[in-house]
Amino acid sequence: MKQIFTKSGNIVTEEVPAPVCGDNEVLVCNSNSLISAGTETMSLQGSGKGVVGLASMALKNPELAHKAIEMVKRDGIGKTIDLIKGQTGNLAPLGYSSSGVVMEVGKTIRDIAVGDKVACAGAGYANHAELVSVPRNLVCKIPENVDFDEAAFTTIGAIAMQGVRRAEVQFGDTVAVIGLGLLGQIASQILNAAGAHVIGIDIMKERVELAGELGADICFTAGEEAVDNVFKYTNGIGADSVLIYAAAKSSEPVKQAMAMARKKR
């Protein structure tokens, strides 16, 4: 079967053996698999960093640096570099959200049958591949009125919804959403449907405009005035909750999120 990977900073399609269906797994013939642009771009960039790039990452991350030092002490610098080179040159599977038809079920599974239409989740499981074998807890049946391309968004929708659940958003709350990529756009629509007032924030003007078109109450581009804008639009109170769906090299989104949240009464 064919499957898509990253290797040394490139996307490649390889012919690989089909996965085996485990006792608590479902073997699925993919109809659609969703490209998660942000996550997969990061994977692509990470696979192309090489030794110098990984060394730079280790310097910024004390835990990685400690592991690297211990490896050098144990195995020597030459073997450590060879290992890093091997890791950066390895195939890394892409994809974590797909939909398709069940081809085989494991021995322990009773509630899913061959021929069922399902949505699949999980990095390393719901890959961009012709066939995937996915644990039962990462598979759900697709309702009759939902087609495969819509069902492929199930994992993304669940991730976006989890942020809303963890925030324990109440009807009428004001929620700031930082980052209006795929996850942020879906979360904004979930919040809007749940009766929350949504403030959408992103560095890209196009995303800000799209969020407004899709129902967010107030949208503006990120910047130094973001916190002031939130207090302006909430009459000095601040947001009841702040959800971050942004990827950033700095901690600025987190700092701004804490600053724009209302004080506990």
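The values are calculated or read from the model by the stated rules, or taken from the named source; none is laboratory data. Quick caveat: nothing in here was measured; it's all calculated off a predicted structure. Here the Cβ is made from the backbone with ideal geometry for all residues, glycine too, and neighbour counts use every protein chain on show.
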- Query: Considering the stretch 88-116 alone, what residues qualify as being closer than 21 Å to I156 by Cβ and free of Cβ contacts under 8 Å to residues at least 12 places away in the same chain?
  - Reply: none
- Task: Tell me which residues, restricted to the stretch 112-124, are at pLDDT 95 or above and over 11 Å from L27 (Cβ atoms).
- Result: A113, G115, D116, K117, A119, A121
- Could you give every pair whose Cβ atoms fall below 6 Å, whose first residue belongs to the stretch 197-209 and is hydrophobic (A, V, I, L, M, F, W, C), and whose second residue is surrounded by fewer than 24 Cβ atoms within 10 Å (Cβ to Cβ), counting only separations of at least 6 or pairs across chains? V198/N192; V198/D217; I199/I218; I201/A222; I201/A226; I203/A222; V208/C219; V208/T221
- Per-region count, the stretch 125-138, residues within 16 Å of V20 (Cα to Cα) and surrounded by 20 or more Cβ atoms within 10 Å (Cβ to Cβ): 8
- Complete set of residues in the stretch 19-34 that are surrounded by 15 or more Cβ atoms within 10 Å (Cβ to Cβ) and either assigned to a loop (DSSP other than H, G, I, E, B) or at positive phi (or both): P19, C21, G22, L34
- Note on the structure: Exactly one of A187, A261, A247 is on the phi < 0 side of the Ramachandran plot and crowded, with 18+ Cβ neighbours inside 10 Å, and that one is A187
- Task: Could you pull out the residue among A152, A176 that is closer than 18 Å to G215 by Cβ and either crowded, with 22+ Cβ neighbours inside 10 Å or within 21 Å of the chain's Cα centre (by Cα) (or both)?
- Result: A176
- Task: Mind telling me which of the residues V132, V198, V164 ends up being assigned to a strand (DSSP E or B), at pLDDT 95 or above and under 20 Å from the mean Cα position of the chain (by Cα)?
- Result: V132
- Task: Identify all residues within the stretch 221-265 that are part of a helix (DSSP H, G or I) and among the hydrophobic types (A, V, I, L, M, F, W, C); write none if there are none.
- Result: A226, V227, V230, F231, V254, A257, M258, A259, M260
- With criteria (1) of a type outside the set (K, R); (2) under 19 Å from the mean Cα position of the chain (by Cα); (3) surrounded by fewer than 15 Cβ atoms within 10 Å (Cβ to Cβ); (4) modelled with pLDDT of 95 or more, D147 comes up short on (2)
- Out of all the residues in the stretch 117-127, is one or more over 16 Å from N32 (Cβ atoms), in contact (Cβ under 8 Å) with a residue 24 or more places away in the chain and assigned to a loop (DSSP other than H, G, I, E, B)? yes
